[in-house]
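FYI, it's all coordinate maths here, none of it is from the lab. The structure displayed is predicted, hence computed values, not measured ones.
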Amino acid sequence: MTQPPEPTESIYLPRPSIHPALFAFGLAALVVGLFSWWPYAVIGGAIALFSLVGWLRTNRDEIGRMPRRQHTDTAPIPLAATRPLDSERGA
């Protein structure tokens, strides 16, 4: 039994981050503050803003470490099925 060939494509996963959870907490605090006491909204908005900025910076760094091109040895899969030409259908 032969072994499959070694893969040539790489999969890049982002590192774990606390930023999405902090962003969700900040938005929740902002909404609660809108209906209860305005300082909660200010604090929640600040938490959401700072965590969003951190999340975007982390995302930019993650994208920056990816290679610009990868060599693939597989055929691309078409996004949509194409119709055969009239000459191929025999019409």
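Over segment 18-62, the ratio between the Cα radius of gyration and 2.2 N^0.38 Å evaluates to 1.20. Under 5 Å from the amide H of S17 lies no amide H of any residue 5 or more positions distant or on a separate chain, with H modelled from the backbone and absent for Pro and chain starts.
Across segment 19-28, coupling constants 3J(HN,Hα) worked out from phi with the 6.51/-1.76/1.60 Karplus curve, θ = phi - 60°, read 4, x, 5, 5, 5, 5, 5, x, 5, 5 Hz, and Gly and Pro carry x. For segment 18-62, the relative contact order works out to 42 percent when only alpha carbon pairs closer than 8 Å and six or more residues apart are counted. Across segment 30-43, computed HN-Hα scalar couplings (Karplus, 6.51 cos²θ - 1.76 cosθ + 1.60, θ = phi - 60°) run 5, 5, 4, x, 5, 9, 10, 9, 4, x, 4, 5, 5, 5 Hz from first to last residue, x flagging Gly and Pro. Computed from phi, the 3J(HN,Hα) profile of segment 48-55 under the Karplus parametrisation 6.51, -1.76, 1.60 (θ = phi - 60°) reads 4, 5, 5, 6, 5, 4, x, 5 Hz, with x in place of Gly and Pro.
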